[in-house]
Each structure stands twice: as C-alpha cells, then as structure tokens.
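Down below is the structure, laid out as structure tokens.
Read the figures in this text as sums done on the coordinates, not as results from a lab. Source: prediction; values computed, not measured. With ideal geometry, Cβ positions are generated from the backbone for all residues, glycine too; neighbour counts draw on all protein chains shown.
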C-alpha cells in the first residue's frame, strides 16, 4: 500500500471515530446541548483537529444521521429482493421502515429532528448535498418499485410513482411519531398503534391497486389480517 493510500485510510478511520464519538454525545444530550468540546474529548482529539473534518456540530449531526440512513437503506434493500413479487416488495418497504424504527429509535429521532429548518440553515451545502444523495437512494427504491407495479398492471396508471411513495411514507412516519411520543395516550383509548400503522399502510396501498393487483395482494396477507 502506498503512502497516499495509507494516509487516506487513516483519515477515513479517524472520520469514523469522530462520527462514533459524536453519535454517543448527540444520542445522550441532543444537538442543542452537545458541544464540539465534548465530542473532541470523547474522540481523544483536539477541537482544532475536529474542525478539520467537520465545519460545525450541525455537519457532524448530519454525518451521524447518514450512518442511520445507511442502516435504513440496507434494511429496505433486503426487504425488496428482486426474487419477490413487486407488491410484496412495496409492502416490505413499510415493514423495513418499521423495523428501523423499532431497532434504531435514536436514529429515527435524529432524522425527525433534521426536519427543523433552523438546523438546515446551519449545515454546510456540502453535507446537505451528501445527505440528500443518500436519501435519494431510498426514495429511488420505492419509486422504481411503484413504476414496476404500474407497468405490470397492478397499480393504477393514474397514480404517479413519486406521489404514491410519498403517501405511504407520510402515513408511516406520522404513525411512528405517535407511537414514539404519544403511545400511552392511545393505549388509554384502546388503540393499538402498531396494528393501525400496518392497516393504514395497506389500506392506502390497496386503494392504488387495480383489480388484478388486489387479487395478487390478497394472498400476501395473513389469515388474521384477511379475517379482520
């Protein structure tokens, strides 16, 4: 290995160590309370060195959320294996998102905090661009699957693939926020939010389907789902 390659590898390793340190601080304190001094201390680096890699703690926050995004992408890629029927793969997108929510709740919360426009203003264009590129891979998975379902005559042709995926994502995201923040309230009303989430996703998906699509989708449901 040449000197340049070795230095690049060392630089990338240090970058990952910085992100790991930042992740611990952000998940413990949140973005507003976290400081670059704390991250530098945990990473065992000077604050000056930290700034050589990331221009601000907001940029570092985005870097951590991108790590979570990579986990989400892999879950969705696994759930949408080409060997499966396309409608099962679209349903799998929702299942994968919920698995991400259950197993990686802190990443989910960090993603949601990124919705804050004030945070965006403090993130460099470079990091925002990198984050959008990562997120676009996830959107492309869904949009391409929806287009395939339309081409196969399973989803109505009047449905725009991007709009369809936005609708499925929006209902899932909204329900997960309720599960995360207001589950006790809904339990008092005897509402099972997890079940409601799955029903909502399937109701919207079925509403987009053709008769052919609904016929093929029915066997994907469990006997309990069909009976209910």
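Axis of helix 57-79 versus longest Cα principal axis of the chain: the two differ by about 40°, to the nearest ten degrees.
When the P(r) of the stretch 83-141 is calculated, the portion above 19 Å amounts to 45% of the C-alpha pairs.
Taking the chain as the reference, fit the longest principal axis to its C-alpha atoms, fit the long axis of helix 125-151 to the helix C-alpha atoms, and give the angle between the two in degrees, 0 to 90, nearest 10. So the inclination is approximately 20 degrees.
With neighbour counts taken as other beta-carbon atoms within 10 Å, the residues 95, 59 rank, fewest first, as 95, 59.
With the highest mean first, a sort of the peptides 105-117, 81-93, 124-136 on other beta-carbon atoms found within 10 angstrom per residue produces 81-93, 105-117, 124-136.
Entry note, the chain: relative contact order of 17 percent, from Cα contacts under 8 Å with a spacing of 6+ residues.
Per-residue ellipticity at 222 nm, computed for the chain from helices alone with -39500 (n - 2.57) per DSSP H run of at least four residues, works out to -26000 deg cm²/dmol.
Note on the stretch 8-119: along the principal axes its Cα atoms extend 52, 32, 22 Å, ordered by decreasing extent.
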